[in-house]
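In what follows, a structure is listed as structure tokens, so that the remarks can point back to it.
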């Protein structure tokens, strides 16, 4: 198996099953099924479309403004990981938001720090856990349990970091293994990661596109036909190849990071405690302010807010500063999808999206 999406083969191996491109569920219908409890979000995919020319201009501007910072944070993360004594590492990114970060970090570990770093991208699903068949596959290839390093792009509320910890603990019990469950991210808004380059909400350019910056791979899905030994599934959007930026994006980040070499020898992980306090205070206040009973309907930070506007049914977009370049893409999406926008200068993040409750009709 060597499914690498639209990346080069030595950049990543997706431990995912390619599914046929049918059975999509519309966004509105999907939201009703999720919130009614009839189906889990991981059982359904909504079709993606190629980004508009206007939106791609915004993405290009985001890259010009923020690629250098993202590259620096990838370099910082690679520096922190390289402090491990093991020579052979398995970088395990969480598909698909973590995939570009995993590609860059693994290449920096190889090219700058001289480590043998293999990059796998695997599925993790809220309330369902990480793909245990994928973990078994990685260990069967001779990787020592302590060599696995889990990588993602960012945390919003910390749900995936906690899901990772719980599912790795379950895996270790089942298999008498000793995998570490710490998550490594560029930006840890929730203070839930083991290691983060930053705790600031900044515009990570890869967070604002879907498949066309993630190897043309869809969000992962656990379809009904999946057996105990099967990997989680995905759709490969080959029809978007003309719009694909996946390889060019990571190549540019690696170039920028290597230009900053020899790295940050005094790099320190971000302050998780301060981020946790800020996150909990905001979530408590937002649920009261907007009358939200389900915390899963509140999505803080640029990355999570963008996901809501791209693939959920938004109720409201809240911005700290509507003129900030970091949220230009959100303003475009809100206009295109007719999502109301509220300005809150006291917002501790650049953006927050609220998902519409199914009970609101």
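Computed from the coordinates by the stated procedures, all read-outs in this text should not be read as laboratory data. None of these values were measured; they are calculated from a predicted model. When we count neighbours, we look across all protein chains shown, and the Cβ atoms used for this are built from the backbone with ideal geometry, even at glycine.
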Among DSSP bridges having both ends in the chain, what percentage is antiparallel? Round to the nearest 5. 30 percent
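When the chain is fully extended, how far beyond the present Cα-Cα distance does residue 289 get from residue 29, taking 0.36 nm per residue of separation?
Extending this stretch completely gives an extra 90.9 nm.
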Residues 204, 34 arranged by fewest to most Cβ contacts within 10 Å: 34, 204
If packing is taken as the mean number of other Cβ atoms within 10 Å per residue, what is the order of 12-20, 342-350, highest first? 12-20, 342-350
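By how many nm would the segment from residue 229 to residue 166 grow when fully extended, if each residue of separation counts as 0.36 nm and the alpha-carbon distance is taken off?
Going from the current span to full extension adds 20.7 nm.
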Could the peptides 71-79, 176-184 be put in order, highest first, of the mean number of other beta-carbon atoms found within 10 Å of their residues? 71-79, 176-184
Within the range 219-256, name every residue whose backbone N is under 20 Å away from a label modeled 7 Å from Cα of residue 111 along the Cβ vector. 245-256
By average C-beta atoms within 10 angstrom, highest first, the peptides 185-192, 306-313, 287-294: 185-192, 306-313, 287-294
Taking 0.36 nm per residue of separation between residue 176 and residue 2 and subtracting their Cα-Cα distance, the length gained on full extension comes to 59.9 nm
Residue 21-residue 338 FRET efficiency (beta carbon distance; Förster radius 41 Å; 0.05 resolution): 0.90
Of all DSSP beta bridges having both residues in the range 272-360, the percent classed as antiparallel (nearest 5) is 75 percent
How would the range 1-152 be classified by its alpha-carbon gyration tensor: rounded, prolate or oblate, with rounded meaning a/c under 1.5 and the a/b versus b/c comparison settling the rest? oblate
According to the square roots a ≥ b ≥ c of the eigenvalues of the Cα gyration tensor, what is the shape class of the range 13-259, taking rounded for a/c under 1.5, prolate for a/b larger than b/c otherwise, and oblate for the remainder? oblate
Taking the alpha-carbon centre of each part, the distance from the range 160-181 to the range 281-322 in Å is 29 Å
Using alpha-carbon positions, the gyration tensor of the range 272-360 gives root eigenvalues a ≥ b ≥ c; with a/c under 1.5 called rounded, otherwise prolate if a/b exceeds b/c, else oblate, the class is oblate
